[in-house]
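First up is the structure itself, then whatever we jot down about it.
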Amino acid sequence: MSRLTTIGFDADDTLWQNEQFFRMTEDRFVALLGEHGEAAEISGRLLEAERRNLGFYGFGIKGFVLSMIETAIEITKGQVPAAVIGEILAAGREMAAHPVETLPHVHETLEALSGDYRLVLITKGDLFDQERKLAQSGLGDFFHAVEIVCDKKAPIYERIFSRHGDGAGRAMMVGNSLKSDILPALEAGAWAVHVPHELTWVLEHAEEPVGHGRYCAIPHLGPLRGLVAQLAR
């Protein structure tokens, strides 16, 4: 029997583009408030608000928009024009309506693996937005299950891989975030494959677990099938 039976995939910036739209919107936000401070200061204040608000709003566009509004109020000392608030809300709607752009090698990799392994989409963020992106991506039929969670910790992976597979010990997690996709999956006892993205949110940065026996890094999803075949022997 194969040692590996279940493969979890992150969604944002692993299967499709995501962070680039946050960066573009942040640039737009900084320009809106340009007369109230330097770009680096405004971005830093926004990051502080995002970090502060994660426990209240979670991950995703809605929390990002609320953090931008909060930052605008703080930076202008409560004098932010209603028109600027309107621009921030419009930018958030544009993010939510942006077409999904899948990353290279995604479709053929999922298609090749879905016949032999249980594929599980494991993503965090806003339920409505993540469901929208999955539907638009056309990738939904490849997955045995979809789990949209508020955060990614080792107990979450243990629960998901037990529910949809044969436990974390016979599962693999594939994703771009060392903090959310790799380290907690390894802690749960799974294999973990890091697929770096050129843009990764600073709050997802973590130290790479070089030397861990169940960790591997690949430049893109293209080599994943070969790696899985080795582990399944």
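The values are calculated or read from the model by the stated rules, or taken from the named source; none is laboratory data. Because the structure is a prediction, the values reported are computed rather than measured. When we count neighbours, we look across all protein chains shown, and the Cβ atoms used for this are built from the backbone with ideal geometry, even at glycine. These accessible areas exclude ligands, DNA and RNA; they are computed on the full protein's heavy atoms, side chains included. Shrake-Rupley method; radii C 1.70, N 1.55, O 1.52, S 1.80 Å.
Each of I218, M95, I42 was placed along the dipole of the chain (beta-carbon charges, centred on the mean Cα), and the one lying farthest toward the positive end is I218.
Per residue, segment 109-233 exposes an accessible area of 45 Å² to a 1.4 Å probe, with every protein chain left in place.
Pairs exceeding 28 Å between alpha-carbon atoms, taken from K62/K152; K77/K153; K133/K153; K77/K179: K77/K153; K77/K179. The orientation-averaged projected area of the convex hull spanned by the Cα atoms of the chain comes to 12.6 nm². Probing with 1.4 Å while keeping every protein chain in the model, the per residue accessible area of segment 1-86 equals 48 Å². Summing Cβ point charges (Lys, Arg +1; Asp, Glu -1) relative to the Cα centre of segment 1-159 gives a dipole of roughly 440 debye. In the frame of its principal axes, segment 185-230 has Cα extents of 33, 24, 16 Å, reported largest first.
Here the spin labels are modelled as points 7 Å beyond Cα on the Cα-Cβ line, and at E108 and A83 they lie 5.1 nm apart. From the helices alone, meaning DSSP H stretches of at least four residues, give me the mean residue ellipticity at 222 nm for the chain, per-run term -39500 (n - 2.57), in deg cm²/dmol to the nearest 500. Value at 222 nm, helices only, nearest 500: -14500 deg cm²/dmol. Applying the Kirkwood pairwise sum to the alpha-carbon positions of segment 1-133 produces a hydrodynamic radius of 16.7 angstrom.
Carbon and sulfur: what percent of the chain's accessible surface (1.4 Å probe)? On the chain, the fraction of accessible area on carbon and sulfur atoms equals 54 percent. Note that segment 144-233, at 25 °C in a medium of 0.890 mPa s, gets a Stokes-Einstein diffusion coefficient of 183 µm²/s from its Kirkwood radius over C-alpha pairs.
Annotation: amide H of A217 within the under-5 Å range of H194, sequence separation 5 or more or interchain, hydrogens built in the peptide plane.
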